[in-house]
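Here's the structure we're looking at; comments come further down.
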Amino acid sequence: MDWIAEFFDDVYLDFMQYYRGEEASRQEALFIQKALGISPGKRVLDVACGHGRHMAHMPRDSVVGIDVNIRYLKYAKRFGDVVAGDVRNPPFRRGAFHGAYIMHSTLGMFGPEADLEILTWLSGIIKPGGRLLVDVANKAKIEDIYAALGETWNFWISAGPYRVLSMAHYNPLHSKIREVRQIYKAGKYLGERVLELTLYGLGELRIMLSTVGFVVEAAYGDFTGEEYRRGSDRLIVVAVKTSGVSKALEEAVKWTK
């Protein structure tokens with residue numbers, strides 16, 4: 001996971017102020033509030049909260065953030081309680097939260113086994129009837145790009161003074177995309193960063209979530225509330241916690257011990 005520590009640095013933090021700035025972050029936060037039913041007295045978890053760009057627009061004392069990046073947490077703690085910890089093993093008691101959200105393809109950064117582990121822990125700390133929102137890149141759209149352009153393609157990302165040339169490589173066998181980004185700010189070259197993600201389709205997410213006690217309630221294609229479609233940029237799933245992990249998963253865990 002060395003690429004994660006290298007990718008989420010001060011350059012990324014500055015880039016995000018332009019790429020997903022105040023207006024976009026506020027819109028996303030309002031969507032999350034509505035989807036999770038955040039109201040006074042309810043506490044939700046911001047999984048991999050980063051610098052707190054969503055916490056900044058949430059009702060005060062409604063959100064707890066967790067992230068492993070201490071530098072980013074220094075910013076996030078301005079907006080609420082934060083915890084330094086690994087999202088694959090959050091240090092919270094069972095049923096501690098009324099809901100949670102995990103944004104911007106955090107689910108996908110660690111690989112299928114660890115991603116299921118994250119969902120399992122979230123199932124434990126969310127109360128029955130609580131909601132989980134998962135935001136990931138839309139696998140269907142990326143596979144359509146792959147079908148049209150082949151396994152490798154280039155594209156530019158523009159945000160404020162930043163211009164980023166990204167070379168994307170998609171491996172359909174493992175549903176994994178790897179981006180090598182060449183980053184420029186105001187014409188100055190800042191270096192190369194690498195991003196690697198495992199992609200999940202709606203059906204795959206539904207199976208993963210049902211395995212750990214969630215039922216998918218809705219799927220959206222963006223944060224305006226538009227219905228999910230194959231050509232949507234994002235896949236945003238809202239699921240309701242109904243029970244604990246399945247017996248099959250419990251037996252699998254026992255078998256591996």
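The values are calculated or read from the model by the stated rules, or taken from the named source; none is laboratory data. Keep in mind the model is a prediction, meaning the values are calculated, not measured. Every residue, glycine as well, gets a Cβ built from its backbone with ideal geometry; the counts of neighbours run over all protein chains shown. Note: areas computed on protein heavy atoms with side chains; ligands, DNA, RNA excluded. Shrake-Rupley method; radii C 1.70, N 1.55, O 1.52, S 1.80 Å.
Structure notes:
- Just so you know, in segment 186-216 the residues that are over 28 Å from Glu117 (Cβ atoms) and free of Cβ contacts under 8 Å to residues at least 60 places away in the same chain include one that is least open to solvent (accessible area, probe 1.4 Å), and it is Gly187.
- Among the residues listed as Ala239, Ala219, the single one being open to solvent by less than 50 Å² (accessible area, probe 1.4 Å), free of Cβ contacts under 8 Å to residues at least 40 places away in the same chain and either small (Gly, Ala, Ser) or in contact with a Gly (Cβ under 7 Å, 6 or more places away or on another chain) (or both): Ala219
- Taking the criterion of being open to solvent by 20 Å² or more (accessible area, probe 1.4 Å) and in contact with a strand residue (DSSP E or B) (Cβ under 8 Å, 6 or more places away or on another chain), the residues of segment 111-131 that qualify are Pro112, Lys127, Pro128, Gly129, Arg131.
- Any hit, segment 177-184, residues being under 27 Å from Val68 (Cβ atoms) and assigned to a helix (DSSP H, G or I): no
- Given (1) over 23 Å from Arg229 (Cα atoms); (2) open to solvent by 60 Å² or more (accessible area, probe 1.4 Å); (3) not in a strand (DSSP E or B), index of the condition Met167 fails: (3)
- Looking at Arg163, Arg131, just one residue is in contact (Cβ under 8 Å) with a residue 60 or more places away in the chain and at negative phi, and that residue is Arg131.
- The residues on offer are Asp2, Asp115, and the sole one that is in contact (Cβ under 8 Å) with a residue 12 or more places away in the chain and either more than 27 Å from Arg193 (Cβ to Cβ) or of a type in the set (Asp, Glu) (or both) is Asp115.
- Output for segment 189-207, where each listed residue is closer than 16 Å to Leu107 by Cα, in contact with a strand residue (DSSP E or B) (Cβ under 9 Å, 6 or more places away or on another chain) and aliphatic (A, V, I, L, M): Leu195, Leu197, Leu199, Leu202, Leu205
- Filtered residues of segment 98-107 (kept if closer than 14 Å to Ile125 by Cβ and open to solvent by less than 10 Å² (accessible area, probe 1.4 Å)): Gly99, Ala100, Tyr101, Ile102
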